[in-house]
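> To start, I am sharing the structure in question, which I have written as structure tokens.
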Amino acid sequence: MKILHTADWHLGNTFHGHDREIEQRHFLDWFVDTIRLHAPDAILISGDVFDTSNPPAWAEALFYRFMRNVSEALPDVEIIIVGGNHDSPRRLEAPAPLLKLHNIHVVGSVPHKSDGSINIEALAIPLLNRTSGATECICWAMPFLRAVDQPENMTQTEALAWYYNQFLKVMRSREYRDLPCIATGHFYTNNAEICANEHSERLVVGGQDQVNVNVLSDAYSYIALGHIHKVQCVSSRPATYYAGSVLPMSFSEKRYEHGINLVEILDDGAARVQRIAYTPLRKLISIPQNGVSSPDGVRYEIDKLPNRKANDDGKDWPYLEIRVSQEQPEPKLLSEVSEMLQTKAVHFCRMTAVHHTNQEQEPELTVERLKTLSPLDMAQRVYKESYGNYLPEEMEARFRIAFEEVSNEA
């Protein structure tokens, strides 16, 4: 049984104001070619198909275009799509009856029976071997678990453990009890590696949404996870993998590897996992590559960037961030940088200023002291805390003039 595992497409995402349609189309076309090459029996998409619950029309068009292309390239492949925390369950499931006619199974949220009880059986999807036509594996299509679907008085870890174990109990009583089981999931495991500075996965502060992966039964052959953007294995038994995001979602992810997992379920039920790398259309670059640079250093590095060529549509230009160190503010620096970049073959995203302050601290600001401070004193204090120096003479003079005008009007 051969399976391709992917997750976190975030279709419809914009990167610092830049539309990403061309990038996402590039990935999906690459993925269709990869499917043709490897001819899998099944494809698992583990959540966050879209970036928002109300994606733009072009994002939905890309999604359905991909499904059509796969159905034409490999008509008998099974595709299983589960909802992530970014997805709207109802919107994702709306075309499910039609998609099911093409072996595409969509599970946006935990299904319920008419009496309101959880329908565990509806999450079980038999996977057929494309060559023999026999059922060789059972997939439990578990979507992102929302609070409303957690059993009462259970933590998220306890709730997920309950769901995964309940499914195994159901399967052990059915005709498929001797077949290997795999599962999907969309959650944050306790030992997953994330970027602490600028993670973009919408994680709960303090790690309260972490799930202890050790509670998951080792009766599964493979658990296909989404949610965390860095590709990684978080458990060897059961084999539990994040496929990673297909595009970087922040500059903190510029060194992440991207691609999909090729999973083979062997005769003994073990999973053999191979990574298939994908190179995004646009790279992420920084000035400087590490740390921060002075304003003059920034100007020097910008000057070295490649110039735009005539009739170049910019589809493969990299995204650029700038990190500048400033002893004193330079209000015109951003406009100067933006003008310099007008002729450079990059998509400018942001400039982050790092202000250096000295170690001398102002006296503690008590209520009594606050009553004695003038507006200029407050301005001096704020400026010094930010830049380590007092207001420049010109700025101080402008402040005095503005304050006098306000006082006269009063």
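The values are calculated or read from the model by the stated rules, or taken from the named source; none is laboratory data. Since this is a predicted model, take the numbers as computed values, not measurements. Glycine also receives a Cβ, built like all others from the backbone with ideal geometry; neighbour counts cover every protein chain displayed.
> Is it fair to say residue 394 is of a type outside the set (Val, Ile, Thr), in a helix (DSSP H, G or I), exposed (fewer than 11 other Cβ atoms within 10 Å of the Cβ) and modelled with pLDDT of 70 or more? Give the derivation first.
On the way: of a type outside the set (Val, Ile, Thr): yes; in a helix (DSSP H, G or I): yes; exposed (fewer than 11 other Cβ atoms within 10 Å of the Cβ): yes; modelled with pLDDT of 70 or more: yes.
It is true that residue 394 is of a type outside the set (Val, Ile, Thr), in a helix (DSSP H, G or I), exposed (fewer than 11 other Cβ atoms within 10 Å of the Cβ) and modelled with pLDDT of 70 or more.
> Quick one: which strands (runs of 3 or more DSSP E) sit completely within segment 236-297 and have at least 3 residues that are in contact (Cβ under 8 Å) with a residue 12 or more places away in the chain and surrounded by fewer than 18 Cβ atoms within 10 Å (Cβ to Cβ)?
Values: elements: 239-242, 259-265, 271-277, 284-287.
Qualifying strands (runs of 3 or more DSSP E): 271-277.
> OK, next. If you take the residues of segment 185-233 that are within 17 Å of the chain's Cα centre (by Cα) and among the hydroxyl-bearing types (Ser, Thr, Tyr), which of them is surrounded by the fewest Cβ atoms within 10 Å (Cβ to Cβ)?
It comes out as 200.
> Just checking, how many residues over segment 142-180 are more than 13 Å from residue 220 (Cβ to Cβ) and either touching a Gly at 6+ places or on another chain (Cβ under 8 Å) or among the aliphatic types (A, V, I, L, M) (or both)?
Result for segment 142-180: 8.
Conditions tested, residue by residue: (1) more than 30 Å from residue 289 (Cβ to Cβ); (2) modelled with pLDDT under 90; (3) assigned by TED's automatic domain parsing to the domain that holds residue 118; (4) touching a Cys at 6+ places or on another chain (Cβ under 7 Å).
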{"position": "177", "(1), (2), (3), (4)": "yes, yes, yes, no"}
{"position": "221", "(1), (2), (3), (4)": "yes, no, yes, yes"}
{"position": "227", "(1), (2), (3), (4)": "no, no, yes, no"}
{"position": "260", "(1), (2), (3), (4)": "no, no, yes, no"}
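> Got a sec? Which strands (runs of 3 or more DSSP E) wholly within segment 102-187 have at least 1 residues that are free of Cβ contacts under 8 Å to residues at least 40 places away in the same chain?
Working: elements: 104-107, 124-128, 135-140, 181-186.
Correct list: 104-107.
> Does segment 331-346 include one or more residues that are in a strand (DSSP E or B) and modelled with pLDDT of 65 or more? Before the answer, list the steps.
Of the residues in segment 331-346, the ones in a strand (DSSP E or B) are 344.
Going one step further and asking which of them are modelled with pLDDT of 65 or more, we end up with 344.
Checked segment 331-346: at least one residue is in a strand (DSSP E or B) and modelled with pLDDT of 65 or more.
> When you look at residue 316, is it more than 30 Å from residue 137 (Cβ to Cβ), without any contact (Cβ under 8 Å) to a residue 60 or more places away in the chain, among the acidic types (Asp, Glu) and not in a helix (DSSP H, G or I), yes or no?
Numbers: more than 30 Å from residue 137 (Cβ to Cβ): yes; without any contact (Cβ under 8 Å) to a residue 60 or more places away in the chain: yes; among the acidic types (Asp, Glu): yes; not in a helix (DSSP H, G or I): yes.
Yes: the conditions hold for residue 316.
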